[in-house]
Amino acid sequence: MQISILGKYGWISAILIALIVLISKPWKYWQLGGALAGILSPYGMIGIPALLVLSGVKNKKAIPIVVIFSGCLAALTWINPPLYADYYLYIGPYMEIYHLGMFGLALILAIYEGNTPVADQINVVDIRAFLNKLPYKRFL
């Protein structure tokens, strides 16, 4: 099973998503490490990277979202394959959807959380400061 962005969708997609994640917000080093591990690892389970990324979500309102979304994705894996099918080959794509879906939710929630840097965060590019310096009228 290819349970990472790189493993499932290839180098171009993985690098583009990694760049978006890098510049989207300031990250603590373990959150950024988890995000990049889930995106750029060639294979593997992304449960731990998703957990590291979710550590960047401080809003308690996100807890029900994570639980309900996880439950709905997990329900996809509660299937009985046909008698003639190999269980692990049959369930593989559903497990990929589950893991990549949870990782995607973790990234979305962490990026949505905001852009308030603190002392121990890595801020690759401060997009808002860059946009403020441009000579055109700002629409943000």
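At a glance:
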{"read-out": "Segment Ile122-Leu16, extension gain: residue separation times 0.36 nm, minus the distance between their alpha carbons", "value": "36.3 nm"}
{"read-out": "Most to least packed among 19-25, 60-66 [average Cβ atoms within 10 Å]", "value": "19-25, 60-66"}
{"read-out": "Neighbour-count ranking [beta-carbon atoms within 10 angstrom, fewest first] of Phe69, Phe103", "value": "Phe69, Phe103"}
{"read-out": "Chymotrypsin sites (Phe, Trp or Tyr not before Pro) restricted to segment 22-59 and DSSP loop, no more than 13 other C-beta within 10 Å", "value": "Tyr43"}
{"read-out": "As computed over segment 5-133, the Cα convex hull volume per residue (Å³)", "value": "106"}
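Values in this text are rule-based calculations from the coordinates and carry no lab data. Only a predicted model underlies this, so the values are computations on that prediction, with no experimental measurement involved. All Cβ positions, glycine included, derive from the backbone under ideal geometry; neighbour counts span all protein chains shown.
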